[in-house]
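What follows is calculated from the coordinates using simple rules that are stated; it is not laboratory data. Being a predicted model, the structure only gives us computed values, none of them experimental. Glycine gets a Cβ as well: all are built from the backbone with ideal geometry, and neighbour counts include every protein chain shown.
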Amino acid sequence: MSKDSIISLKNITVSFHGQTILKDFNLDIKDGEFVTLLGSSGCGKTTTLRIIGGFVKPDSGEILFAGKNVNNLPAHKREVNTIFQNYALFPHLNVYENIAFGMRLHKKSEDDIKEQVTKMLKVVSLPGFENRNVSSLSGGQQQRVAIARALVNHPKVLLLDEPLGALDLKLRKDMQTELKNIQKQMGITFIFVTHDQEEALSMSDTVVVMDKGSIQQIGSPQSIYNEPENAFVADFIGESNIIDGIMRKDYLVEFAGKEFDCLDSGFDKDEKVDVVIRPEDIEVSPPTSGHISGVVTSVTFKGVHYEIIVDIDGFKWMIQSTESQNPGDTIGLILQPDDIHIMKKSKYSGEFGDYSAFSDEMYEVYKEKKKKNKKRVGGKK
Amino acid sequence: MKLKPSAIYIIWMTLFTLIPMALVLYFAFTNPMGKFTLDNIINVGRYSSIFLKSIWLGALSTIICLLIGYPLAYMISKVNTKYQNIMVMLIMLPMWMNFLLRTYAWMTILENNGIINNILSSIGIAPLSLINTSGAVVLGMVYNFLPYMILPIYSIIVKIDKKIIEAAQDLGAGKRKVFSKILLPLSIPGIISGITMVFVPAVSTFIISKMLGGGSNILIGDLIEMQFLGNSYNPHLGSAISLVLMILILISIGIMNRFDRSSINEDYMSHH
């Protein structure tokens with residue numbers, strides 16, 4: 001544990017009904033950071049948050065709070081506050097009493113409570129809302145009351161469980177900015193749970209990418225996006241073409257039947273690797289002047305760009321380009337060294353990165369189809 | 001001819017509510033010759049001690065039902081959902097047995113040479129006089145009406161969002177504070193309807209007091225019964241007593257509902 005860790009989870013294992021949710025989980029969270037736990041549903045991110053909040057007891061492992069073990073400290077004695085997914089405001093209390101709830105429990109004076117509640121309502125841009133019924137508020141307003149209710153207690157750490165999930169897109173963006181500002185202003189640690197990669201990238205100091213109860217990568221938003229450690233992270237954060245490659249030597253990789261210069265080194269000679277190429281980095285050219293070429297199979301207009309799927313030797317690449325192409329045409333692809341990112345092979349290799357389908361479910365369907373076609377061809381031979 | 005649903009409702013209400021009510025009113029305000037009089041209503045005043053006793057015993061058994069019913073309802077709501085339905089069914093099971101039979105069973109238990117006294121005498125303790133006391137009446141009321149207290153409270157408690165409880169814990173509330181600041185205020189609507197559903201039948205019962213209370217515990221229900229079926233046949237007084245009882249019950253429900261509205265915000269109740 002580093003000295004300035006406010007929360008450390010050590011070798012945490014949790015299972016419900018015989019199903020392992022977190023497996024030998026380790027995480028250090030620095031004081032004052034905005035940390036996001038990112039992953040799809042069932043990856044264990046909410047469980048991690050509930051362990052910190054004191055609502056789930058791990059089967060084994062240690063929870064340290066500023067170096068002190070808090071495994072047996074119940075939720076109401078921990079110096080953390082939570083913002084719940086559906087706000088969980090108290091329906092029988094008005095806005096003022098909702099926010100004052102924690103301070104009243106801690107026997108603060110009425111004057112102090114009044115001053116703090118008024119101040120908090122200003123922070124969350126709801127001045128004058130004291131006497132409103134919580135059920136008469138919009139989703140965004142309820143959300144802000146929940147934030148005020150938690151922050152008024154000056155917790156050392158604020159836990160946020162997908163707090164923006166129920167809001168519409170524009171409001172969500174405003175709230176992202178607002179939350180980030182509040183976090184900077186108050187200087188406390190935020191642990192934020194989401195499945196939305198864009199939200200994670202735009203708000204966090206540190207992103208923790210999780211899958212199946214274990215951490216896949218911890219890093220800044222930039223490093224997670226630009227230098228994903230494995231195929232899961234590359235696929236989960238943004239769009240990625242992930243191609244099988246062989247590292248011929250430092251700064252030289254072979255894939256799609258060609259050798260390319262790259263910026264990566266430190267691999268064994270002829271080591272099998274995963275090559276990541278982001279769709280927005282690929283430049284389209286006439287077929288003869290590109291590094292590689294393929295046939296356009298589909299073009300979808302996305303507003304900012306066209307999403308072009310190109311078949312190169314049976315592997316479907318995705319390209320994002322501001323210029324449209326015609327399906328059936330052959331085009332060339334230009335790949336610069338800094339467009340290419342090399343990853344070590346992992347258990348996720350081969351699972352992601354081919355754009356025959358976007359979802360795992362449809363990908364299975366396509367794989368089955370491919371197999372059947374191959375069999376038919378094989379039979380003819 | 002096609003009847004609209006509203007027409008069916010109007011016909012039903014006229015036949016089974018309005019006409020009977022009108023008849024009660026008519027009898028309450030007339031003498032046997034069919035002339036208008038206030039004598040019946042004035043005569044009800046002579047039975048004020050019976051009214052007070054009925055209200056007292058009804059209120060007492062309602063309070064006992066609440067004290068037993070609330071913790072039971074809370075416990076059921078805490079049990080694994082798989083077993084909750086079975087537990088609720090077990091609470092309701094005695095209600096499917098004939099009311100008379102249930103009360104009769106208590107008679108054989110409480111009688112001077114009934115089950116309890118037999119057990120007591122076999123271990124050498126002097127027999128107790130249990131039957132024909134107001135205690136026996138209250139016991140009968142509690143036993144018969146307890147499910148009406150448990151069910152509405154249970155159905156409100158299970159609907160309280162677990163996250164609200166967690167939010168209170170998160171803000172520093174221990175078990176007691178969670179109960180007094182969150183659970184209790186949020187379950188008031190269930191408590192109110194439980195109280196109404198127990199108090200109304202308890203205050204107007206006549207079978208329980210007749211079978212378990214003996215002659216010394218006459219309640220309003222018995223009084224009304226006597227005016228219609230007994231020797232002192234007087235439907236005019238009987239109707240007047242019923243009318244006064246109904247008005248008293250309406251007033252108490254009105255007070256309850258006001259309490260309900262002031263303590264819980266209506267929006268929450270209608271949304272959930």
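Things worth noting here:
- The 3J(HN,Hα) values that the Karplus relation (6.51, -1.76, 1.60; θ = phi - 60°) gives for the stretch A:195-205 are, in residue order, 10, 9, 5, 5, 4, 4, 5, 7, 9, 8, 7 Hz. Gly and Pro appear as x.
- The shape of the stretch A:24-172 comes out oblate: with a ≥ b ≥ c from the C-alpha gyration tensor, a/c is at least 1.5 while a/b does not beat b/c.
- Normalised by 2.2 N^0.38 Å, where N is the number of residues, the C-alpha radius of gyration of the stretch A:179-236 stands at 1.17.
- Dipole check for chain A: with +1 at the C-beta of Lys and Arg, -1 at the C-beta of Asp and Glu, and the Cα centre as origin, the magnitude is about 1400 Debye.
- Between the stretch B:184-233 and the stretch A:309-366, the alpha-carbon center distance in angstrom: 79
- P(r) of chain B over all Cα-Cα pairs, binned every 10 Å from zero, in whole percent: 6, 21, 26, 24, 15, 6, 1, 0
- Candidates B:Val137, B:Val200, B:Val244, ranked by Gaussian network fluctuation over chain B, Cα under 10 Å, top entry: B:Val244
- Cβ-based charge dipole, the stretch B:113-272, positive-most Cα from B:Asn118, B:Gly230, B:Ser216: B:Asn118
- Residues B:Trp12, B:Trp56, B:Trp96 in ascending order of nearby Cβ atoms (within 10 Å, fewest first): B:Trp96, B:Trp12, B:Trp56.
- Mean Cα-pair separation over length for the stretch B:29-181, i.e. relative contact order, pairs under 8 Å, 6 or more apart, %: 28
- Ranked B:Tyr83, B:Tyr154, A:Tyr251, criterion: other C-beta atoms within 10 Å, fewest first: B:Tyr83, A:Tyr251, B:Tyr154
- Size of the stretch A:240-380 as Cα extents on the principal axes (Å, biggest first): 38, 38, 28
- Note on the stretch A:61-114: Rg/Rh from Cα positions, Kirkwood definition for Rh, rounded to two decimals, is 1.07.
- Taking A:Met318, A:Met362, A:Met103 as the candidate residues, the one with maximal mean-square fluctuation in a Gaussian network model of chain A, Cα springs under 10 Å, is A:Met362.
- Projecting the Cα positions of A:Val273, A:Gln141, A:Trp317 onto the charge dipole of chain A (unit charges on Cβ atoms of Lys, Arg, Asp and Glu, taken about the Cα centre) puts A:Gln141 furthest along the positive direction.
- Antiparallel %, DSSP beta bridges [both residues in the stretch A:5-226], to 5: 55
- Relative contact order (%) - chain B, alpha-carbon pairs under 8 angstrom, separation at least six: 27
- Gyration tensor (alpha-carbon) shape descriptor, the stretch B:192-254, a/c threshold 1.5: oblate
- Kyte-Doolittle at least 1.6, axis length at least 24 Å by Cα - qualifying DSSP helices, chain B: B:184-203
- Average projection area in nm² (convex hull over Cα atoms of the stretch A:206-255, one quarter of hull surface): 4.2
- Taking N as its residue count, the alpha carbon Rg of chain A over 2.2 N^0.38 Å: 1.18
- For the stretch B:70-223, the equivalent ellipsoid derived from the alpha-carbon gyration tensor has semi-axes of 37, 18, 15 Å in decreasing order.
- Computed from the Cα positions only, the extents of the stretch B:1-137 along the three principal axes stand at 65, 48, 25 Å, in decreasing order.
- Going from the fewest other Cβ atoms within 10 Å to the most, the residues A:Ser293, B:Ser129, A:Ser204, B:Ser6 appear in the order B:Ser6, B:Ser129, A:Ser293, A:Ser204.
- Distance from the stretch B:23-46 to the stretch A:102-120 (C-alpha centre basis), Å: 62
- For chain B, built as a Gaussian network whose Cα springs stay under 10 Å, the top-fluctuating residue of B:Pro20, B:Pro152, B:Pro71: B:Pro20
- Think of the protein assembly as shown as a dipole: +1 on every Lys or Arg Cβ, -1 on every Asp or Glu Cβ, centred on the Cα centre; then among B:Ser129, A:Val123, A:Thr82, B:Ser129 lies furthest on the positive end.
- Translational diffusion of the stretch A:145-301, estimated by Stokes-Einstein from the Kirkwood radius over alpha carbon pairs at 25 °C in a medium of 0.890 mPa s, is 130 µm² per second.
- The value obtained for the protein assembly as shown, namely the Cα convex hull volume divided by the number of residues, is 313 Å³ per residue.
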